[in-house]
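One structure is given here, and the rest of the page talks about it.
The values are calculated or read from the model by the stated rules, or taken from the named source; none is laboratory data. The structure displayed is predicted, hence computed values, not measured ones. Using ideal geometry, Cβ is built from the backbone for each residue, glycine included, and neighbour counts are taken over all protein chains shown.
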There are 4 protein chains.
Amino acid sequence: MTIHKLAPLPEQYSYVFGGRDPLVSIRPGDIVEVSTEDCFGGRVTSPTDRPSEVVPFAELNPVSGPINVEGAEPGDMLAVHFVSIVPANPYAISCTFPSFGALTGTHETAMLTPDLEERVWFYDIDLDSWTATFRATKSDFTLAMPLDPMHGTVGVAPASGEVRLVVTPSNHGGNMDTPEARAGTTLYLPVNVAGAMLSLGDGHARQGEGEVCGTGLESAMNSVIAVDLIKGGASGWPRLESDDFLMTTGSARPLEDAFRISQKELVLWASDLTGLDTLDAYQLVSQLGLAPAANVCDPNYTMVAKLPKWAVKDAAAYGGVHSRLRASAAEYLAAR
Amino acid sequence: MTIHKLAPLPEQYSYVFGGRDPLVSIRPGDIVEVSTEDCFGGRVTSPTDRPSEVVPFAELNPVSGPINVEGAEPGDMLAVHFVSIVPANPYAISCTFPSFGALTGTHETAMLTPDLEERVWFYDIDLDSWTATFRATKSDFTLAMPLDPMHGTVGVAPASGEVRLVVTPSNHGGNMDTPEARAGTTLYLPVNVAGAMLSLGDGHARQGEGEVCGTGLESAMNSVIAVDLIKGGASGWPRLESDDFLMTTGSARPLEDAFRISQKELVLWASDLTGLDTLDAYQLVSQLGLAPAANVCDPNYTMVAKLPKWAVKDAAAYGGVHSRLRASAAEYLAAR
Amino acid sequence: MTIHKLAPLPEQYSYVFGGRDPLVSIRPGDIVEVSTEDCFGGRVTSPTDRPSEVVPFAELNPVSGPINVEGAEPGDMLAVHFVSIVPANPYAISCTFPSFGALTGTHETAMLTPDLEERVWFYDIDLDSWTATFRATKSDFTLAMPLDPMHGTVGVAPASGEVRLVVTPSNHGGNMDTPEARAGTTLYLPVNVAGAMLSLGDGHARQGEGEVCGTGLESAMNSVIAVDLIKGGASGWPRLESDDFLMTTGSARPLEDAFRISQKELVLWASDLTGLDTLDAYQLVSQLGLAPAANVCDPNYTMVAKLPKWAVKDAAAYGGVHSRLRASAAEYLAAR
Amino acid sequence: MTIHKLAPLPEQYSYVFGGRDPLVSIRPGDIVEVSTEDCFGGRVTSPTDRPSEVVPFAELNPVSGPINVEGAEPGDMLAVHFVSIVPANPYAISCTFPSFGALTGTHETAMLTPDLEERVWFYDIDLDSWTATFRATKSDFTLAMPLDPMHGTVGVAPASGEVRLVVTPSNHGGNMDTPEARAGTTLYLPVNVAGAMLSLGDGHARQGEGEVCGTGLESAMNSVIAVDLIKGGASGWPRLESDDFLMTTGSARPLEDAFRISQKELVLWASDLTGLDTLDAYQLVSQLGLAPAANVCDPNYTMVAKLPKWAVKDAAAYGGVHSRLRASAAEYLAAR
């Protein structure tokens, strides 16, 4: 088990997927200890900092990477297992941001109404109690809530030479902002370029489904990932696997198209794993699937489709890579 | 506790919300034992029956009702607690239906491509094991799955004299097709006309989130509901409450508008229950909310927004009516 | 040529399509002189009247009708030729309206931002110069613009016993708000109930495509229509025909679905008139079609698809009914 | 008047906006004679060639460029006047393409239904009669239609270091596919990088509004453009100006968002040119604007909003640059 460390210097952070030289090169089966900045690049340091003023738009959401995965080629599927995701600071930050979020006019849903007020919330993070504490800004309401750390942004270089801003999720991954990208889960990303060029960032100490205000509990993270490669296994869109669920994603607008993509991918995956014909698999997914929103605020919206593994009789996806990475993660954590 | 029985004769079923005389009249606090037909009006009796041929389009989804609730007036909120929902037949039926479902062209998402094949699945319903058994049509795959009975269609007469086909969900309720409408849950419906004129039907022995193929495990039901009235409590859209969650709904197209409605309603509800200002409540919902699809196939799509009750410190919604109906249901069930 | 007069009393106006008794009964080929109120029911009488305060929501958009057309049956197509549409008052009124219009949050596109200011514009109508004069409210800019009178709302009783508020356009017609519904044009409406039950209203002295602020130059009208019937000719959606164009409509959300419906209808119509196979007709429409927005503000959005008649080699639609109605209109106008 | 020639070699064509070195460098006021390939890169040479087989997806829609415009900087507006656009071949090609077009399932509007048949149409182009002739594939219907040549794809390098596939229209221009980009019109593009890096291609001998089947009359072109620079004049989105109309564009999904963007831009532009306050300008655009679809098939849909210049009392946009470029074009054409 080879363990790499990726702790980018401030000037090494990337704001795009694609077109960048790798910061580190690894082999399938390796583990990477990676530190990531919060989505503000660490520039919001008090509730009176206005994110839209202290962070240039094109420097939102820095990612750590790219990581070159040796042997990865277009047509392969990259498996990224989240071994652990731990908030790096004693606080996390959330905010409303001008022209961003689901319940305000945006650059796309263009309106003549004024923007919502820009407001910042600082949460206390306590790793011992594994909680974040919300403090209302206009009353004395406070609430402790469990941490559920995740990475909002994980992706590879896009196909066809495209370079995409980190904020846009698409079939290369990116800013999907799903709470399902938590420790214990494996994210599958179709490879578009030699080396895959994996980057990640945008840690959230937790996030509701849909990310309706546009931000989660934004937090720098100390994370550990285990990476593997499924030769020739590329799907059309990113997928996830937990111990209990197979999950597919779709990122598009309008939201029903994100839903359609994720559901079609789940039907195809269930069909592959069970030998069911397409309509039989469509039927199975229709009755047993879950369909939570991931984000309804980013330049593409993301929906997740979930099927419990018992629905496919626990068929091993991708030759059981999730179980192997689970074991590898356990070994790493035991040795630490 | 007054108990009513509503078992419509075939010619008494309704296919619309609004404009119909009540079949029964009850008082707030009463219980109704109601039988409902399946969405095919019982006309699909074997897997070789094609629903599009044996059921006229305007006779899909019969509902039982309307039920006149004495004293209900526009501006009130009706509380409909599902005491029990039990499949009435030893089978349930699902199908693909021409120009219906999320992964095919429809009357609205008009295409030049041909329709998907119309296919029917019969499930075995076993109340003892509380399971439904799926049988693939093109292979010998079978799977038993837990029942989770619900009513897809529950609503009241619309405002402004409108009469709407049962298949369309909107702010009067209707065909919301959310699996959250299960036993133990209270559905809140804003009252638009004197007497509210409640109807329900479209039982599903279970259904996945999004109802992607367009149908659940369609089943006639023997159901029991407890009905109460919250004077002056009308919200803009139907809401639900379970023991653990506050839930709001939005039914619209595109799907992001259904999401927006449901999320805004949840923000307003959380604000009401906690005294949080709107943006503080927006923040709370953003971090703690769940956002599952209900249906992405009906003439309006439905999204549900859910907030765990601990997030509002277990504040009692509508004066605790859900708890009272819960108790009333327990009393009824104990006496049976 | 039988000429009827329909001048409803205030209490006779209707606010719905469907479920109403006819005010007048006519035969195919007859002419109706009909007066219609403005969308505010005449209650906005000065720029300081706020429409949202002086008009109850359910009393917006009164229509004159229904008109019973003898012999009309489901499956037939009604042909409504606009002989003339003349503003009845020396002024027309436009406004912004709370939660209405394309560039503000609405009941469906729910937002937490405040509404746009409600503001009213009175235009001077001059029938001699055939102009309306705009006066800015915050500067001394004025502009005379040509009249182009039309009816925003024209429709028949919906299918399946539905009763729909006048503001919603759908396949029964309704509030399509297309500037194409002008004098000289024939509107085709599929018949859903015996007698068709035609109503019309919502005159605009003119209107831009898309009706982006939510209102046109709202004006009471003195109009004349010539009505005919095409037995068995029902299409799926309303169509229009002018001397130069065949036009189809689609009313749905999102806007691309309205576009899809209108385009598919135009492909099918072009195929019917030319004998072209579906893909050949799709090709023809793709290269020669126009695709203006009608409204992007109503509960369903409406798109229009237009094909110049020379593209179908001037094939006579519906047996040349438009030409016959044109001639009938000329005769009526000459005799007046 | 400096005249440049840009005739790329096959290996010099570009398939992206951004990230490429310029092929030529010009100064504001210069003219460029540019040849462009058809969207198939010239590889479809007979109706039996299937585009999806003979053209790799990432090599669809080659563009000529980039052209470096000296002195152009972020915040400036580039003015690209189409002096002439002339089909280079005696034929133009249209087709249906798998998973592309508005009336079929696509990669985003994912369906389980099969694709439409892939079919190719060759049109005869006759520059003398200025017509293209359609020949049906399944009957003997033929039709001559006027040429109306345009460039579907014109854009500059995107902001923030993004590199975008040519097929996607956005605020950098790109594949907007509007028939308004014809000779005699000036296209305004906001500059994102030093030198602007203008590219163009995807000529259509003509195209219907909405490009519903996904392709126009695809044609290599011999075009001439006159380029100028408006220092500090950047708008949010591409705009166009003809002798009669001011036009704005929005490219997004769903289609109503493309509409919203284009309309808001037109309101802001009208306000700038007249001094009208925002709501007065909103009112003016609502009554006088046109709103045709450009494309409803590309990864973003494009809507155009048009205002007749008399509505702003012929105020000269951008200091009258369109008139100057018109004059410069006339001079060039006279001298040729």
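Can you work out which of the residues in region A:248-270 that are out of contact with any Asp or Glu (no Cβ under 7 Å at 6 or more places or on another chain) and of a type in the set (Ser, Thr, Tyr) is farthest from A:PRO299 (Cα to Cα)? Among them, the one singled out is A:SER262. Regarding B:VAL69, is this residue within 25 Å of B:ALA329 (Cβ to Cβ) and either out of contact with any Pro (no Cβ under 8 Å at 6 or more places or on another chain) or not hydroxyl-bearing (Ser, Thr, Tyr) (or both)? Judged against the criteria, B:VAL69 is a match. Taken over region B:1-24, residues that are under 11 Å from B:GLY65 (Cβ atoms) and assigned to a strand (DSSP E or B) amount to 5. For the residues B:VAL120, B:VAL167, the requirement of being surrounded by fewer than 23 Cβ atoms within 10 Å (Cβ to Cβ) and within 21 Å of B:GLY201 (Cα to Cα) singles out B:VAL120. Being assigned to a strand (DSSP E or B), crowded, with 24+ Cβ neighbours inside 10 Å, small (Gly, Ala, Ser) and at negative phi holds for only one residue in B:ALA305, B:ALA281, and it is B:ALA305. Restricting to region B:281-301, what's the tally of residues that are facing chain A (nearest Cβ under 7 Å) and farther than 12 Å from B:VAL312 by Cα? Number satisfying all stated conditions: 10. Filtered by the rule that a residue be more than 9 Å from chain C (Cβ to nearest Cβ) and touching a residue at least 60 places away in the same chain (Cβ under 8 Å), region D:253-266 gives no residues. For region D:267-278, the tally of residues that are more than 9 Å from chain C (Cβ to nearest Cβ) and either surrounded by 23 or more Cβ atoms within 10 Å (Cβ to Cβ) or within 16 Å of D:GLY319 (Cα to Cα) (or both) stands at 5. Looking across region D:111-128, just one residue is under 22 Å from the mean Cα position of the chain (by Cα) and of a type in the set (Val, Ile, Thr), and that is D:ILE125. Among the conditions (1) touching a residue at least 24 places away in the same chain (Cβ under 8 Å); (2) within 11 Å of chain A (Cβ to nearest Cβ), D:ILE93 misses just one, which is (2). Taking (1) without any contact (Cβ under 8 Å) to a residue 60 or more places away in the chain; (2) within 20 Å of the chain's Cα centre (by Cα); (3) under 24 Å from B:VAL80 (Cα atoms) in turn, B:ILE31 satisfies each apart from (1). Given the criteria closer than 19 Å to B:VAL154 by Cβ and small (Gly, Ala, Ser), does B:ALA270 qualify? Spelling it out, it is not the case that B:ALA270 is closer than 19 Å to B:VAL154 by Cβ and small (Gly, Ala, Ser). Checking D:GLU53, D:GLU108, D:GLU73 one by one, the residue that is more than 20 Å from the chain's Cα centre (by Cα), more than 30 Å from D:ARG336 (Cα to Cα) and without any contact (Cβ under 8 Å) to a residue 40 or more places away in the chain is D:GLU53 and no other. Of the residues examined, D:ASP124 is one that is on the phi < 0 side of the Ramachandran plot, acidic (Asp, Glu) and in a strand (DSSP E or B).
Number of residues in region B:160-200 that are touching a helix residue (DSSP H, G or I) at 6+ places or on another chain (Cβ under 6 Å) and either among the small types (Gly, Ala, Ser) or within 13 Å of chain C (Cβ to nearest Cβ) (or both): the value is 1. Name the residue that is farthest from the other protein chains (Cβ to nearest Cβ), counting only residues in region A:119-156 that are out of contact with any strand residue (DSSP E or B) (no Cβ under 6 Å at 6 or more places or on another chain) and of a type in the set (Gly, Ala, Ser). Filtering first and then ranking leaves A:SER129. Checked against (1) within 30 Å of D:LEU187 (Cα to Cα); (2) at pLDDT 95 or above; (3) away from chain C (no Cβ under 12 Å), D:MET111 passes all but condition (1). Taken together, the residues in region B:127-137 that are in a strand (DSSP E or B) and in contact (Cβ under 8 Å) with a residue 24 or more places away in the chain amount to 1. Within the set A:THR48, A:THR36, the sole residue that is farther than 25 Å from A:SER235 by Cβ and in contact with a strand residue (DSSP E or B) (Cβ under 6 Å, 6 or more places away or on another chain) turns out to be A:THR36. Among the residues that make up region C:280-287, is at least one of them among the polar types (S, T, N, Q) and touching a Lys or Arg at 6+ places or on another chain (Cβ under 7 Å)? For region C:280-287, residues among the polar types (S, T, N, Q) and touching a Lys or Arg at 6+ places or on another chain (Cβ under 7 Å): present.
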